[in-house]
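The values are calculated or read from the model by the stated rules, or taken from the named source; none is laboratory data. Quick caveat: nothing in here was measured; it's all calculated off a predicted structure. Heads up, the Cβs are rebuilt from the backbone with ideal geometry, glycines too, and the neighbour counts pull from every protein chain shown. With ligands, DNA and RNA removed, areas are computed over all heavy atoms of the protein, side chains included. Shrake-Rupley method; radii C 1.70, N 1.55, O 1.52, S 1.80 Å.
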Amino acid sequence: MPVILITGASSGIGAALARFYAAAGASLLLTGRDRERLESVAQDCRARGGEVRTRLLDVREREAVGTWIRETDAATPLDLVIVNAAVNGGHPSGGLETEATAFETVDINLIGALNVMLPCVTLMSGRGRGQIALISSLAAYAPLPDAPAYSGAKAALLAHGLALRQKLKPLGVRLSVVTPGYVKTPMGGVIKGWRPLEMSADEAAARIARGLERDRDVIAFPAILAALARGALLVPEWVRSAGLHGFRFRNRRRR
C-alpha cells in the first residue's frame, strides 16, 4: 500500500483527500491540531478500508516536525506527502490585518509548510523516489487585499515549489503545487463574501488526486477562475483593483 502523509487532515480539503485515498486502500498518516476532529476523520477512513495513524502536530514546531518525519519515514518510507495545513488570516471586520494575524498566518502557511516539505525533500531525493503536493491557492496569482499575509504566503509557496520541482525531477522526486479556488470547507466557511464557482471538498480532492497522478506542475481549478487569476498581474492596477473589488470579504474570528 502507498504510504501517504497529509497535514491539516482534520477538516476541509485535507480530510477529503484522506477519505479519497483511504477508499483506494492507502496507508495514511494524518496530522492536525484538533484531537477530536482528527480522530473522527481517521475513523471514517478506516471504515473505507484505509490503514490510518494519527498525530497531533503543530507545523510551526520545526524541530519536532522534522524529528517525527525522519522517524516515521525510517519505519515506513513516505510515498506521497500532501502539505495542506493552513489558516485564513484577514480581519474580522474587513479592516487592516493585524501584525499578530499576519505573522501567525505566515508562520503556519509558509514556514510551517517548509517545516514539513524540506525534510521530505531531503529523504525522498536521497532514495530517488517520492511525491510532494503543496496546497497553495489562486490567491497566489491574484492577491486578495483582505488577506495579504495569506496571499503572500501562498505565492511564496507556489514559487518555491515550482523552483524545487525543476531540481527534484532529475532526482526521481515529483512535486506539484495545487492552487484551488473556492472550496466548501470549515476554514472557507468563516469568509463572509462572494465565493464564485465554489465546489465541494470531495470534488476538490478528486481533482487534486487526478493532477498528482498525471504529475502536473500546477493543479489549478476551476479552469475559468484559474485563467482569470493567472492574468491578474498582467493588467493595469486599476483594472485588477476593479476586478478584485467583488472578492472583498470579512472573516469571523477564529477560536
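Within region 113-136, the residues that satisfy the criterion of being over 18 Å from Gly90 (Cα atoms), without any contact (Cβ under 8 Å) to a residue 60 or more places away in the chain and either of a type outside the set (A, V, I, L, M, F, W, C) or not in a helix (DSSP H, G or I) (or both) are Asn115, Pro119, Thr122, Ser125, Gly126, Arg127, Gly128, Arg129, Gly130, Ile132, Leu134.
Can you confirm whether Pro170 is open to solvent by 30 Å² or more (accessible area, probe 1.4 Å) and under 22 Å from His91 (Cβ atoms)? Spelling it out, it is not the case that Pro170 is open to solvent by 30 Å² or more (accessible area, probe 1.4 Å) and under 22 Å from His91 (Cβ atoms). Hey, does region 65-79 have a residue that's closer than 21 Å to Lys184 by Cα, out of contact with any Lys or Arg (no Cβ under 7 Å at 6 or more places or on another chain) and open to solvent by 50 Å² or more (accessible area, probe 1.4 Å)? So far as region 65-79 goes, no, none of its residues is closer than 21 Å to Lys184 by Cα, out of contact with any Lys or Arg (no Cβ under 7 Å at 6 or more places or on another chain) and open to solvent by 50 Å² or more (accessible area, probe 1.4 Å). Scanning region 144-160 for residues that are touching a Leu at 6+ places or on another chain (Cβ under 6 Å) and either free of Cβ contacts under 8 Å to residues at least 40 places away in the same chain or farther than 12 Å from Ala113 by Cβ (or both) gives a single hit, Ser151.
Can you tell me which of Arg230, Arg195, Arg216 is modelled with pLDDT under 95 and either closer than 17 Å to Gly12 by Cα or under 16 Å from the mean Cα position of the chain (by Cα) (or both)? Give the steps one after another, and end with the answer.
Values: Arg230 fails: either closer than 17 Å to Gly12 by Cα or under 16 Å from the mean Cα position of the chain (by Cα) (or both); Arg216 fails: modelled with pLDDT under 95.
Unique residue meeting the criteria: Arg195.
Comparison of Arg37, Arg48 shows that the only residue that is of a type in the set (Lys, Arg), surrounded by fewer than 24 Cβ atoms within 10 Å (Cβ to Cβ), without any contact (Cβ under 8 Å) to a residue 40 or more places away in the chain and within 17 Å of Ala206 (Cβ to Cβ) is Arg48.
Only residues that are in a helix (DSSP H, G or I) and not hydrophobic (A, V, I, L, M, F, W, C) were counted in region 57-76, giving 8. Does Thr54 satisfy being open to solvent by less than 70 Å² (accessible area, probe 1.4 Å), polar (S, T, N, Q) and assigned to a helix (DSSP H, G or I)? So Thr54 fails the test.
Take region 2-45 and flag every residue that is assigned to a strand (DSSP E or B) and within 16 Å of Gln131 (Cβ to Cβ). Explain how you work it out, then say what you get.
Taking region 2-45 and keeping what is assigned to a strand (DSSP E or B), we get 3-6, 27-32.
If the condition is that a residue be assigned to a strand (DSSP E or B) and within 16 Å of Gln131 (Cβ to Cβ), then Val3, Ile4, Leu5, Ile6, Ser27, Leu28, Leu29 are the ones that fit.
Looking at the structure I just gave you, is Val177 outside any helix (DSSP H, G or I), buried (at least 24 other Cβ atoms within 10 Å of the Cβ) and β-branched (Val, Ile, Thr)?
Numbers: outside any helix (DSSP H, G or I): yes; buried (at least 24 other Cβ atoms within 10 Å of the Cβ): yes; β-branched (Val, Ile, Thr): yes.
Yes.
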